[in-house]
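Just below is one structure, and these are the notes that go with it.
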Amino acid sequence: MRLPACLPVLLLVGTVLLPVLAGLAGTLLPAFGHLPALGAAGWSLDPWRQLLATPGLGTALRLTLTSGFGATALSLFSVALFCAAFHDRPLFRRVQLWLAPLLATPHLAMGVGFLALAAPSGLLARLLAPLLGLDRPPDLATVNDPWGLALLLGLALKEAPWLLLMSLAALNQTPAARLMATARLLGQPAPLAWLKVVFPLVYRQIRLPVHAVLAYSLGTVEMALLLGPGNPPPLAVLPVRWFLDRDLAMTFPAAAAAILLLALTLAAMALWEGVAALAGRAGRHWAGSGATSGAIAVRLGALLLPVLLLLAVGSLGAVLLWSVAGPWRFPDLWPRRLDLGTWAAQREGLLALAGATLRVALPATLLALALAGAALEAVARHGRAAWPWLLGLSYLPLLLPQTGFLFGLQVLLLQLGLDGGLPAVLWAHLVFVLPHVLLVLAAPWAALDPRLARSAAALGAGPLRVLCTVKLPVLLRPLLAAAAVGVAVSVGQYLATLFAGGGRFATLTTEALALSSGGDRRVLGVFATLQAAIPLACYALVLLLPRWVWRRRAGLRAV
Amino acid sequence: MRGLVLQQVVLRLEGRMLFPPLSLQVAPGQVTALMGPSGCGKSSLLAWLCGTLDPALTGQGRASLDGADLTALPPERRRLGILFQDDLLFPHLSVGGNLGFGLRGLPRAERRARIAAALAEAEMPGFAERDPASLSGGQRARVALLRVLLAGPRALLLDEPFGRLDAALRGRFRRFVLDHAAARGLPVLLVTHDAADAEAAGGPVLRLG
């Protein structure tokens, strides 16, 4: 029997959408008072009354909006200005390589690192202590500040490198060199020319990533818990806090809060689109006016991104230093000694948690690679008969606040008695791993010269042999890159693990976050370092393995 | 009927015919040249013959090789050799690995000997372990032809294979390809937009589109 050509694509999209749609329904019903398992049938607005009566709800909303929009705008502006000023420098293309460690680091580890850097007793305060004459940590809320600025900045540290990577990929698809030459011959200074003629083309291609950044920044729980204020917290924290409450009745306002966050995110996206349309109109007016002033302002603004990247690298260093710090008095810039005492003391717990983390990350990544590979191969072979237009739907989880559907998914899993087990956690991770893997694999798979496979077929190779002996080896580099991204995404999952695991499935990420409120900082440093080390090791392998495997094949060694 | 026969072949893109229905015959040892501007469907015709037509296109008509219908066979069993403008050597395999790709079902020693003999004949002795990326353009083109011939095709399809080579190399490689095809008595279908290629082939010339 011949299987329909669209089956692999349907399988992929179904794997992602089934839990998302079921989860959305599972959140929506209790938000309106319907949850038979808790003895509530019919519908009521009580959950919403309860939510609206929460003290500080307005502040929570304001915090979410300022940190969400702020982090997205800061990331996008810093990337655009940086590209405008530095696109013609020889180092520009090499930036990509230096981004790898920042991209691999999970949000949580980056957040812990930013804490180690920017907290009142952090490295930055110690650096400034001699200048300001401090002999004790300043009495300032430099993190967890009531305005959410630390949260905004911490988010930008992770999102700006990602947007830069996406912009570099988009740049390769634009005739940037020819456009730049034309604009400069017409009298435009290079940075302005880039903003006027290249950026609009780049922005059009990175719209999906920009909205993903916006959705993540509005909906993040782990970063808000780590860097945001505690009382009231940003909106995304409320449903999680109430879900973890012993009082099961809190499920109802929690569901309402998750739906409110979902609505807020959709509204924020619409608002972003509206503002972007206005900004685009203003930009076209500016470009059409032939104005040539402002290049200096662009060059100054271009320094934003290097500052962010420096802070991000500093955060990575700070978290590592925390994990090996011995006694460390405040104004001292360096601990009195470095030791591995904290690592040794935590060894057994770390090993068990790293094992649990990998038990989810590795199967989730392999499954994602298989599903994405099968779907892309079906599209390459059958074209429109494989329903490639469906693939876009699998990016949906990147554009929704996680709480919106994970909450309902947990409610459903609980009713089915499936929560807390490895299969449930695995599937929840797959919902996020799959779109990321697809994002990495789709372009190289489609760009593979179809004549390579035709040559192989004409030499007598059947479809399976063509796939295994020609396509997969030639695609080794993107396949490994997708695998590394998959592992990094899975290792970084907090909410998916917490909700699908019913709060009982412990990984490095969930434990690190449990430690973050008032635990020993050195222990937190150790957990965050190990959490970052797993994806970092995978990225290093990805950079080195193809070089070694293809060390005698110049045609595949490039990049 | 020996050789390659096409009857009433039509390719369509979204219902639109790329060229009028095409019929032709290529006898063993003969070279038929198909000329036409780029975009007229020449390359797609060869892809259809190979059974690897882009899914956006549909093809109709009959094609047979030495009397056997081709259209019902999967690409890997049609035993057609095809050369493109780019050499399309598999970048992850050595020169020997590329040559051996279509040589299946032979003992190891026999395979090695056949590959070594082919390389020696092409004035590239001892190249089996080399990385394809380390070869010159002319050497890569010759390896691409050897790879096709070693697979034992019963007809040869040429998709502008001389287009990328410079003038001096071009004439030599053209001779190399046509001589090998003639020595094996293969029917050859050449698509090109270069009149010099069509003329050098020394057979009938048809216009497409």
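Spread over its residues, the convex hull of the C-alpha atoms of chain B is 122 Å³ per residue.
Taking K and R as +1 and D and E as -1, what net charge do the other residues with C-beta under 13 Å from the C-beta of A:A71 add up to? Overall, the nearby charge balance is 0.
Legend: mean number of C-beta atoms from other chains within 10 angstrom of residue C-beta atoms, peptide A:459-466, equals 6. Just add up the charged neighbours of A:H107: K/R +1, D/E -1, any other residue whose Cβ is under 14 Å from the Cβ of A:H107. So the environment of A:H107 carries a net charge of -1.
Tally Lys and Arg at +1 and Asp and Glu at -1 over the other residues with C-beta under 10 Å from the C-beta of B:V143: what net charge comes out?
+3
Taking every alpha-carbon pair under 8 Å whose residues sit at least 6 apart, the stretch A:60-321 reaches a relative contact order of 37 percent. Filter the GluC sites (Glu not before Pro) in the stretch B:94-157 down to the DSSP loop ones having no more than 15 other Cβ atoms within 10 Å, then list what survives. Those that pass, being in a loop and sparsely packed, are B:E123, B:E129.
Compute the Kirkwood hydrodynamic radius of the stretch B:91-152, taking the inverse of the mean of 1/r over all pairs of distinct Cα atoms, and give it in Å to one decimal. List each step's numbers first, then the result.
Numbers: mean 1/r = 0.0880 Å⁻¹.
For the stretch B:91-152, the Kirkwood estimate is 11.4 Å.
Over all pairs of different C-alpha atoms in the stretch A:430-504, the reciprocal of the mean inverse distance, the Kirkwood hydrodynamic radius, equals 14.3 Å.
For peptide B:85-94, how many partner chain Cβ atoms fall within 10 Å of a residue's Cβ, on average?
Whole-number average of other-chain Cβ neighbours for B:85-94 is 6.
Shown here for the stretch A:1-74: chymotrypsin sites (Phe, Trp or Tyr not before Pro) in loop regions (DSSP other than H, G, I, E, B) with at most 14 other Cβ atoms within 10 Å, namely A:W43.
Placing pseudo-labels 7 Å out from each Cα toward the beta carbon at A:L545 and B:L206 gives an inter-label distance of 4.9 nm. A simple spin-label model places the labels of B:S64 and A:W98 6.8 nm from each other, with each point 7 Å out along Cα-to-Cβ. In this structure, A:W286 and B:R2 have a Cβ-Cβ separation that, at R0 = 56 Å, corresponds to a calculated FRET efficiency of about 0.20.
First measure r as the distance between the Cβ atoms of A:R184 and A:F330, then evaluate 1/(1 + (r/R0)^6) with R0 = 51 Å and state the FRET efficiency to the nearest 0.05.
Values: r = 53 Å, r/R0 = 1.03.
Calculated transfer efficiency: 0.45.
For the protein assembly as shown, treating each Cα as an identical point scatterer without solvent, what Debye log10 I(q)/I(0) comes out at q = 0.05, 0.09, 0.11 1/Å? Rounded to two decimals, the profile gives -0.34, -0.95, -1.21.
Annotation for B:A183 and A:L57: the two label points, set 7 Å from Cα along the Cα-Cβ direction, are 8.7 nm apart.
The mean number of Cβ atoms from other chains found within 10 Å of a Cβ in peptide B:104-110 is 1, as a whole number. Over chain A, DSSP H runs of length four or greater, each weighted -39,500 (n - 2.57), average out per residue to a 222 nm ellipticity of -23000 deg cm²/dmol. Considering only C-alpha atoms, what is the centroid distance from the stretch A:480-529 to the stretch A:360-435, in Å? When both Cα centres are located, 19 Å separates them. If I take all pairs of Cα atoms in the stretch A:276-331, what percentage of them are more than 17 Å from each other? Everything past 17 Å amounts to 66 percent. Of the trypsin sites (Lys or Arg not before Pro) found in the stretch A:1-85, the ones in coil according to DSSP and having at most 16 other Cβ atoms within 10 Å of their Cβ are A:R2.
Laboratory data are not the source of any read-out in this text; all were calculated from the coordinates shown. Everything quoted here is computed from the prediction, not taken from an experiment. With ideal geometry, Cβ positions are generated from the backbone for all residues, glycine too; neighbour counts draw on all protein chains shown.
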